[in-house]
Amino acid sequence: MFTLRNVYLILALTLVTLVKAQDIHFSQFNGSLLNLNPAFTGFFNGDYRVGAIYRSQWQSVPVPYSTISMNGESRFRPSSQTRDAAGVGILFNSDVAGDARYGTTQIYLSGSYIYNAKEDSSLQISMGLNLGYCSVGFDYNRMTFDNQFDGLNYYKNAGTGENFQWTRFNFGDFNLGVAAQYIINNKHRVIYGISANHLTSPTITYQGNDVSRLDFKLSNYVSYITPITFKDDIVAELLYNRQGKYNELIPHVSVKHYLNKDANQAILGGLSFRAKDAIILRGGYTFKNLQIGIAYDINISKFTAATNRRGAFEIFVNYIMFKKYQTVIKTKPCPVFM
């Protein structure tokens, strides 16, 4: 008996077989930089940075996605250095999709070394790496199979006729990256990062073979920011990923308008475009060390028949903190009491 439930199952298993071609990704890639490149660990002006991003995708179809990522970082100066810095961080990702709750859980530890190529810090180069523990799997008890139907009724405890050696698979991951920031005449800020991900191409299998592997991915990110008026900046970004035979290209442009420049209070609005997939509306707000971003994907792919052009909702929050340095007041003995 072939039912609509079988269609859902086929789609869910298809997604499982395509896992090697698709990493966790966000439309607001600037809101989750550790997912882009480990060289961005500690690559900010401050001592600590914490952040989180949430994405809800394809809620109008039977196999919606829900993704959350959280990170924490610290930037510090090694005792042997007067200009250079180092960064350490931790990244947590969780992604769940479909009726079978096919999920990915990742924990990465990141480290970086940030070289100040110029005394005024206008040119900085960062090299980073991260090591990850990853787990993928699905809930077998939420799935149904033809053998459990007798033509009229469904029997939950009947034999499925399927054989999975595992329903969860764990593996290690290793990524490297380089990033650079160049500030020209205190006006033009250019950032470029390139990262090599899944260097060991780990195997992901539920059948005890090595046919399905997580493909090597090369990621390129470029950002350019410059003022166009006293209260307005233009922000342009480009992300290009290649993983296996798949490509992802996302250009983005926004205008950032300052409400109060001294307090770094500003609003941001712009557009992104994911080639052959979605038009992305993006907005944001900053105040001092707080950054908030929101995005909505309008689906334009062939999947619009199912999505009705509804794609994904996404929101992120980042916050930078500074250490409180205690001022020691130096005293000089009064000669009267000596």
Exercise for the section: Test Phe145 against the stated conditions and say whether it is surrounded by fewer than 14 Cβ atoms within 10 Å (Cβ to Cβ) and either at pLDDT 95 or above or out of contact with any Phe, Trp or Tyr (no Cβ under 7 Å at 6 or more places or on another chain) (or both). Expected result: no
Fill in the blank from the handout: The one condition Tyr155 fails out of (1) modelled with pLDDT under 95; (2) in contact with a Ser or Thr (Cβ under 7 Å, 6 or more places away or on another chain) is (2)
Practice task
Spot the failing condition for Asp215; the list is (1) modelled with pLDDT of 95 or more; (2) in contact with a helix residue (DSSP H, G or I) (Cβ under 6 Å, 6 or more places away or on another chain), and only one is missed.
Solution key: (1)
Handout entry: Cross-chain or 6+ apart pairs with Cβ under 7 Å, segment 274-290 first and in contact (Cβ under 8 Å) with a residue 40 or more places away in the chain, then basic (Lys, Arg)
Key = Ile280/Arg274
Practice task
Please go through segment 171-187 and pick out each residue that is without any contact (Cβ under 8 Å) to a residue 12 or more places away in the chain and among the aromatic types (Phe, Trp, Tyr).
Solution key: none
Exercise for the section: Considering each of Tyr240, Tyr246 in turn, give the residue that is farther than 25 Å from Gly269 by Cα and among the aromatic types (Phe, Trp, Tyr). Expected result: Tyr246
Practice task
Taking the options Ser74, Ser69, name whichever one is over 23 Å from Lys288 (Cβ atoms), outside any helix (DSSP H, G or I), modelled with pLDDT of 90 or more and of a type outside the set (D, E, K, R).
Solution key: Ser69
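The values are calculated or read from the model by the stated rules, or taken from the named source; none is laboratory data. Predicted, not measured: the structure shown is a model, and the values here were computed from it. Quick reminder, even Gly has a Cβ in these numbers, built from the backbone with ideal geometry, and neighbours come from all protein chains shown.
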